[in-house]
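Q: Pasting a structure below so you can have a look.
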Amino acid sequence: MASNTTTKCPSLTKATSNGVFQGDNPLDYALPLLILQIFLVVVLTRLLAYILRPLRQPRVIAEIIGGVLLGPSALGRNHKFLNAVFPPRSLTVLDTIANFGLLFFLFLVGLELDPRSLKRTGKKALSIALAGISVPFALGIGTSYVLRGTISQGVSQAPFLVFMGVALSITAFPVLARILAELKLLTTDIGRMAMSAAAVNDVAAWILLALAIALSGTGRSPLVSLWVFLCVDEIYVCATLVAVLAAGFVTDSIGIHALFGAFVLGVLVPKEGPFAGALVEKVEDLVSGLFLPLYFVSSGLKTNVATIQGAQSWGLLILVIFTACFGKIVGTILVSLSCKVPFKEAVTLGFLMNTKGLVELIVLNIGKDRGVLNDQTFAIMVLMALFTTFVTTPAVVALYKPAEMAKSEYKHRTIRRQECSSQLRLLTCFHSTRNVPTLINLIEVSRGTEKREGLCVYAMHLMELSERSSAILMVHKARKNGMPFWNKVHDSDPNHIIVAFEAFEHLSRVSIRPTTAISAMSSMHIDICSSAQRKRVAMIILPFHKHPRLDGNLETTRADLRYVNRRVLEHAPCSVGILVDRGLGGTSHVSASNVDYTIGVFFFGGHDDREALSYGALMAEHPGIHLNVVHINDSYTPEARSEDEEFLAEFKEKISNDSSIKYEEKMVNNAVETVDMIRTHNRYNLFLVGRMPEGQLVATLNKNSACSELGPVGNLLTTFSWKKIDRPPLEAKK
């Protein structure tokens, strides 16, 4: 008997439903289902990233695990969940959106890759890169024969060999940059070497992947596609310059994956000027935060760990992991040792070069889509990528401890010293262009006289490391870290901050070396203090967390800078100055011949005041500086009075014939007289005061200290409005 029952099938082409009140299930339609999928993906990956944060794992680990958990390996084992949230009919839409985002991500990768930097790769890094590619590639080919004889029977030999070789030889450049930044190794020698080698590895991997795709293509000679990729004609260059999507369409049309078009377009975009940086700034949030997790889930839905069954399959998984680790790590170690890299650093480099990530998944997904990798092989390779990346951070943390290696005693930790002719080293920190003009003018007045060996300044740009920090931007900063400007004759940096310091260096005899601290604000002080230790500086100069308004009063710029300053004061190996920037010399550099500043020092007593006065005496060596020293008499402890009197006697003897320095003593009886006396000295361009002066009067000033990091006198000066007196900066000393 025929049945009259009819089944309502949702339209495959309809995007939106009429709503639940009309009897429609929103999950039967493309748009609401996609919204639910995106919501689940973003929430789960962010939650996993938060859970894995104490283990200092990169976000890519959370995204890979999240994709596997949502797939048939875990939650997807519940068929009701899988058919409701990730039904087969929705996978085409999900894959399309994921690859759309991936297209733009590869454009960003190409945009941030400067081909000229590869030409400057040192022989050591190039040798490490070649070893990190060739050894695991060869072992990957060997492993492929084992897999073809067991779980991958019947696949085409040539493309399978190349895909396996590429999968084992890849180093994930963006993931490695993130790991190095998290471990505070990006600006170290080993970090720069690892990133230089990884950059070469990245380019080689893309070329090998193009070969693998060409070999797995059908209907034409594979050499045609490869030739087009390596020898891009002008017509294709013009097409890729139209847009990322057009580039993807063109490369897909000529037999290469659409991702290559986006990557090539990114490489071709000029890196000079602000355009490339602006593109990254505009696109990265959406691509990295929304689209990329979809690609990881798309990969996870194809990964079924349950296909790895029996001793043979698990044995093959162990074999693949061992081969991948052995090839990368041992190959890198051997070449590093031949290049005279210390053993611990060589082993660390080996683990760093073994990092996998997104490019690995791209290779595996293309291989699966082309029928080169079956479900079991694909699952084995995904788990291999997950394992090798997961062990990188704990292995590096256990092997390489740069903080211990950097520990060393050095002599000149203060401005005050016995050898007045020795070189003075300063570490000046800034977080924005706002601080640069005053910093340059401060450096100008700090350079001393011809009798000294000179002034060396490390200008440190404080860059906050966030989830969206561009990997290659970090590498670009790290590559130039601590290098003198004269090494950049053939590589002019378009960064206007660097240009400002470079111009000043050419006009003065000060050696300025740009450095970068790339870190979360909660641990930025570690970068600053360790850098000061390594560079053996006498003083760290930090920006104050407030800036002046038009009415002369101060308002908060960044509250987290205050935390950084306080932590640096606690852990610094040398003297520390906090610069309250009120515009010393205006908004541009004042040349040496035009410098005409009056600097004031209030001396109560104690170690910090002696250091402040020593810095003032150094500045007074500049022909355009007039120094006024006001010694405020107060009740001291006998020990402090004895040491201060000895210091002042020596100071007065040195300045007896120096007309540019004026010394006077003031008697005050209470805090009110002290405040009034300080107010009368309001015509100074710069105040130098100690953070922790000694005496009973100072203790009374300290009761209402809103900014304890400046000390009582520094805090008092910040409460004054200096609108009418050239906005003098103030510096507090530790």
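Q: Go through segment 545-597 and give me each residue that's of a type outside the set (Lys, Arg), touching a Leu at 6+ places or on another chain (Cβ under 8 Å) and assigned to a strand (DSSP E or B).
A: Listed by number, the residues that qualify are His547, Pro548, Val576, Gly577, Ile578, Leu579, Val580, Tyr597.
Q: Hey, another quick one. Among the candidates Leu569, Leu550, Leu542, which residue alone is farther than 28 Å from Glu505 by Cα and modelled with pLDDT of 90 or more?
A: Details: Leu550 fails: modelled with pLDDT of 90 or more; Leu542 fails: farther than 28 Å from Glu505 by Cα.
Going through Leu569, Leu550, Leu542 in turn, just one is farther than 28 Å from Glu505 by Cα and modelled with pLDDT of 90 or more: Leu569.
Q: Does any residue of segment 68-81 turn out to be of a type outside the set (A, V, I, L, M, F, W, C), within 20 Å of Gly357 (Cα to Cα) and either surrounded by fewer than 20 Cβ atoms within 10 Å (Cβ to Cβ) or in contact with an Asp or Glu (Cβ under 6 Å, 6 or more places away or on another chain) (or both)?
A: Checking segment 68-81: not a single residue is of a type outside the set (A, V, I, L, M, F, W, C), within 20 Å of Gly357 (Cα to Cα) and either surrounded by fewer than 20 Cβ atoms within 10 Å (Cβ to Cβ) or in contact with an Asp or Glu (Cβ under 6 Å, 6 or more places away or on another chain) (or both).
Q: Still on this structure: Looking only at segment 183-210, which residues are of a type in the set (Asp, Glu) and within 20 Å of Met463 (Cα to Cα)?
A: Hit for segment 183-210 is Asp189, nothing else.
Q: Only one residue in Ser221, Ser253, Ser169, Ser156 is at pLDDT 80 or above, open to solvent by 40 Å² or more (accessible area, probe 1.4 Å) and of a type outside the set (A, V, I, L, M, F, W, C), so which one is that?
A: Ser156
Residue-wise test of (1) open to solvent by 70 Å² or more (accessible area, probe 1.4 Å); (2) modelled with pLDDT of 85 or more; (3) within 23 Å of Gly616 (Cβ to Cβ).
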| position | (1), (2), (3) |
| --- | --- |
| Asn669 | yes, no, no |
| Ile678 | no, no, yes |
| Asn682 | no, no, yes |
| Leu686 | no, yes, yes |
| Gly690 | no, yes, yes |
| Val698 | no, no, yes |
| Lys703 | yes, no, no |
| Gly711 | no, yes, yes |
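Q: Would it be correct to say that Thr674 is over 26 Å from Asn441 (Cβ atoms), polar (S, T, N, Q) and either within 44 Å of the chain's Cα centre (by Cα) or at pLDDT 80 or above (or both)?
A: Against the criterion (over 26 Å from Asn441 (Cβ atoms), polar (S, T, N, Q) and either within 44 Å of the chain's Cα centre (by Cα) or at pLDDT 80 or above (or both)), Thr674 qualifies.
Q: Six or more apart or on different chains, Cβ under 8 Å: which pairs go from a residue in segment 599-614 that's on the phi > 0 side of the Ramachandran plot and surrounded by 24 or more Cβ atoms within 10 Å (Cβ to Cβ) to one that's outside any helix (DSSP H, G or I) and at pLDDT below 90? Could you list them?
A: Gly605/Asp634; Gly605/Tyr636; Gly605/Pro693; Gly605/Glu694; Gly605/Gly695
Q: If you don't mind, another one. Given the criterion outside any helix (DSSP H, G or I) and closer than 20 Å to Phe163 by Cα, identify the matching residue among Lys340, Lys356.
A: The conditions single out Lys356.
Q: May I pose another question? Out of (1) modelled with pLDDT under 85; (2) part of a strand (DSSP E or B), the odd one out for Pro728 is which?
A: Every listed condition holds for Pro728 apart from (2).
Q: Where the second residue is open to solvent by less than 70 Å² (accessible area, probe 1.4 Å) and the first is aromatic (Phe, Trp, Tyr) and lies in segment 553-571, which pairs have Cβ atoms under 8 Å and are six or more apart or on separate chains?
A: Tyr563/Met521
Q: Identify, from the list Ser432, Ser446, Ser469, Ser421, the residue that is at pLDDT below 90, among the polar types (S, T, N, Q) and open to solvent by less than 10 Å² (accessible area, probe 1.4 Å).
A: Working: Ser432 fails: open to solvent by less than 10 Å² (accessible area, probe 1.4 Å); Ser469 fails: open to solvent by less than 10 Å² (accessible area, probe 1.4 Å); Ser421 fails: open to solvent by less than 10 Å² (accessible area, probe 1.4 Å).
After ruling out the rest, the residue left standing is Ser446.
Q: Condition first: open to solvent by 60 Å² or more (accessible area, probe 1.4 Å) and under 22 Å from the mean Cα position of the chain (by Cα). Now tell me which residues in segment 536-561 satisfy that.
A: Arg558, Ala559
The values are calculated or read from the model by the stated rules, or taken from the named source; none is laboratory data. Predicted, not measured: the structure shown is a model, and the values here were computed from it. FYI the Cβ positions are ideal-geometry reconstructions off the backbone, even for glycines, and counts take in every protein chain you see. Remember, those area values only see protein heavy atoms, side chains included, never the ligands or the DNA or RNA. Shrake-Rupley method; radii C 1.70, N 1.55, O 1.52, S 1.80 Å.
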